[in-house]
Amino acid sequence: MLNTQGKADPEPVKPAEQPKLQIRLKNEDGVVKLILPTVAETSAAASWSDLWEQLQQRLQAGKRFWQPLSVVHLIAQDRLLDARQLQSISDALTDVALQLQLVETSRRQTAVAAATAGYCVTQQSTIAPLFPQSTEDAPPLIADPLYLQMTVRSGIDIRHQGTVIIMGDVNPGGEIYAAGDIIVWGRLRGIAHAGYPNNPQCLIMALQMEPTQLRIADRVARAPETPPPQFDPEVAYVTPQGIRIARAIDIKTTPYLRELALPGSKRSEDL
């Protein structure tokens, strides 16, 4: 188009396209859910600084919608977050009187970083079946093992859709839920639930077995009131009579450690 001087008007300058981010905040039963967008929902041009900027804006705009010191569950989905980024998110939440308590993620690295930082963790599997399972007897899909080198302290809740291996202790008040086995390379004094929710073939193993409670699938047991004179590495397993515990040395060496050589060495008590 020509102007009054017979010259073409300059093209209007278009604002730079902003990376599409969809950080959401939901208040459900007093718990604030901070939901990060998935990788697929995020523009390729978006960076951590873009996500961080929008997070701060959302928190400042929404702080009138929750009670002070409300608990936050961070739904990280498939976003990869390291310890530094998790700390930055926690600090931003603290600035608006919120407390980060749980991180839900499908990324193992994020789960490890969150658990190491002392947060409760739920790791969801990203594995999809090739064919739909139509029978109730079909075995559940199991994710890769989750390895954690840490002490699971009181108040920490770890949930994983596979085997959980803890290189450290599980203190009273700590809780581990695994769709597969639970292996504690240390003292197990909290709650351990293997085969969650309905796989009785799973095992719980610990160097020193002093659990508050043991669960395998829908079976529940507790350790005897009188501890043994000395502790040995032990394995908890399911029998027709309930959960039993045997010394690891009494387990036959098989690929899946499913057969007991000396079933008389059991010492657990069913609830």
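When residue 111 is tested against (1) free of Cβ contacts under 8 Å to residues at least 40 places away in the same chain; (2) open to solvent by less than 40 Å² (accessible area, probe 1.4 Å); (3) assigned to a helix (DSSP H, G or I), just one condition goes unmet, and that condition is (1). Looking at 166, 127, which is the one that is at pLDDT 90 or above and either open to solvent by less than 70 Å² (accessible area, probe 1.4 Å) or β-branched (Val, Ile, Thr) (or both)? Residue meeting the stated conditions: 166.
Consider the stretch 203-229. How many of its residues are farther than 19 Å from residue 186 by Cα, buried (at least 16 other Cβ atoms within 10 Å of the Cβ) and touching a residue at least 24 places away in the same chain (Cβ under 8 Å)? Of the residues in that region, 3 qualify.
Can you tell me which residue among 187, 153 is at pLDDT 95 or above, surrounded by fewer than 23 Cβ atoms within 10 Å (Cβ to Cβ), out of contact with any helix residue (DSSP H, G or I) (no Cβ under 9 Å at 6 or more places or on another chain) and not hydrophobic (A, V, I, L, M, F, W, C)? Write out each step before concluding.
Values: 153 fails: at pLDDT 95 or above.
Answer to the check: 187.
Of the candidates 84, 64, the single residue that is in a helix (DSSP H, G or I), at pLDDT 90 or above and of a type in the set (Lys, Arg) is 84. Taking the criterion of being open to solvent by 30 Å² or more (accessible area, probe 1.4 Å), assigned to a strand (DSSP E or B) and out of contact with any Phe, Trp or Tyr (no Cβ under 6 Å at 6 or more places or on another chain), the residues of the stretch 23-61 that qualify are 24, 25, 26, 28, 31, 33.
The values are calculated or read from the model by the stated rules, or taken from the named source; none is laboratory data. All values derive from a computational prediction rather than experimental measurement. Neighbour counts run over all protein chains shown; Cβ positions are idealised from the backbone, glycine included. For the accessible areas, the whole protein counts, side chains as well, though only heavy atoms, and no ligand, DNA or RNA atoms are used. Shrake-Rupley method; radii C 1.70, N 1.55, O 1.52, S 1.80 Å.
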